């Protein structure tokens, strides 16, 4: 089951202010549920192509902040495979897909805040040191 279209993972904008703030997560990541998993909306394994530990650990952390998530873990099946597997198990109050969506949205918001804070501090530093 595909939950996103094949997307271009190479967003090489040098200026973060030029990034489209309305960009959807599905526009960036290509992920699907693993074939052979039992259809259970509260327990799913997602496979994300072209990603490694950087996204895996950050996304796992954000998903685990959701009180409706009982378990979230990730693995890289093998160094030669270009994919990341994320397993999510939730309470009966939500689904694994909703937990994944919320985790991705929360991570996107956190990254936007970090970028904003960094750009403000960088501009203040440049002004203070007369760098143009």
**Study point:** Separation in nanometres of the label points that stand 7 Å from Cα toward Cβ, at residue 54 and residue 78
**Key:** 2.5 nm
**Study point:** Theoretical gain in end-to-end length, residue 106 to residue 118 [0.36 nm per residue, Cα-Cα removed]
**Key:** 2.5 nm
Practice item. Starting with the highest mean, order 95-102, 113-120 by the number of other Cβ atoms within 10 Å, averaged over the residues of each peptide. Key: 95-102, 113-120
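Values quoted throughout were computed directly from the atomic coordinates according to the rules given, and no laboratory measurement underlies them. Because the structure is a prediction, the values reported are computed rather than measured. Note that we place each Cβ from the backbone using ideal geometry, even for glycine, and neighbour counts take in every protein chain shown.
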